[in-house]
Amino acid sequence: NLNYTYDNRYFADFSVRADASSRFGADKRWAGFWSAGVGYNLHNEVFLKKLEWVSLLRLRASYGVTGGQNFNPYQAMTTYKYLTGERYHHTVGAEVMALGNEKLGWQRTLQQNYGVDIDLWDERINFTGNYYIKLSKDVLTSVTLPPSLGFSSYMDNLGEVKNYGYELNLRV
């Protein structure tokens, strides 16, 4: 993490990290994630300090990438079941239970946020407004297979979901 503030007016934050998970295929276990944000405390400007009824006036923006692993831990691996009740030439056999995908990777979400914070009359009135955009990529999707393969589906990183909207909060 890196944080910097200049003259109590401008600020910037930066974060970077690397995560690993054994839920993914061997080539996709590690992923890097980061975020950056900037802000401007207008209430600390000379021309706004004269307005005693303005306690806080802040503009801010941020952008970052996060990852998710919200799925079954064995979907990247093909799993087998031993047939202990049946023998062939005095040997135990096995059958495939689930078809895995070794290329299964992290689900990534790119997030943007733009906001304003306002406190008036010694925090008697507080307003917070945000506009956000969330774009999830490589979302796990079930891929249908022909019945002749013996499996109905397997999981792959094919989906994409976009959400955006406003959040407004007023406290008096």
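Below are the figures for this structure:
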read-out: Enumeration of residues in segment 28-58 that are in a strand (DSSP E or B) and hydrophobic (A, V, I, L, M, F, W, C); value: W30, A31, F33, W34, A36, V38, V54, L56, L57
read-out: Sole exception among (1) touching a strand residue (DSSP E or B) at 6+ places or on another chain (Cβ under 7 Å); (2) at pLDDT 85 or above for L145, by number; value: (2)
read-out: Residue among N163, N130 that is open to solvent by 60 Å² or more (accessible area, probe 1.4 Å), of a type in the set (S, T, N, Q) and under 19 Å from the mean Cα position of the chain (by Cα); value: N163
read-out: Matching option when the condition is in contact with a strand residue (DSSP E or B) (Cβ under 9 Å, 6 or more places away or on another chain), more than 30 Å from F33 (Cβ to Cβ) and part of a strand (DSSP E or B), among F127, F151; value: F127
read-out: In segment 73-99, residue modelled with the lowest pLDDT [restricted to those that are open to solvent by 70 Å² or more (accessible area, probe 1.4 Å) and hydroxyl-bearing (S, T, Y)]; value: Y88
read-out: Subset tally (residues that are over 13 Å from G67 (Cβ atoms), of a type in the set (S, T, Y) and part of a loop (DSSP other than H, G, I, E, B)) for segment 9-27; value: 1
read-out: Hey, Y80 under 30 Å from A20 (Cα atoms) and either among the acidic types (D, E) or touching a residue at least 24 places away in the same chain (Cβ under 8 Å) (or both) or not; value: no
read-out: Unique match (being surrounded by fewer than 14 Cβ atoms within 10 Å (Cβ to Cβ), in contact (Cβ under 8 Å) with a residue 40 or more places away in the chain and at negative phi) among E102, E123; value: E102
read-out: Identity of the residue in segment 14-55, within 30 Å of the chain's Cα centre (by Cα) and farther than 30 Å from Q107 by Cα, that ends up most open to solvent (accessible area, probe 1.4 Å); value: Y40
read-out: Number of the condition not met by N70 [criteria: (1) modelled with pLDDT of 80 or more; (2) under 22 Å from T141 (Cα atoms)]; value: (1)
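The values are calculated or read from the model by the stated rules, or taken from the named source; none is laboratory data. Nothing here was measured: the structure is a model prediction, and the numbers come from that model. Every residue, glycine as well, gets a Cβ built from its backbone with ideal geometry; the counts of neighbours run over all protein chains shown. Only protein heavy atoms, including side chains, enter the accessible area calculation; ligands, DNA and RNA are left aside. Shrake-Rupley method; radii C 1.70, N 1.55, O 1.52, S 1.80 Å.
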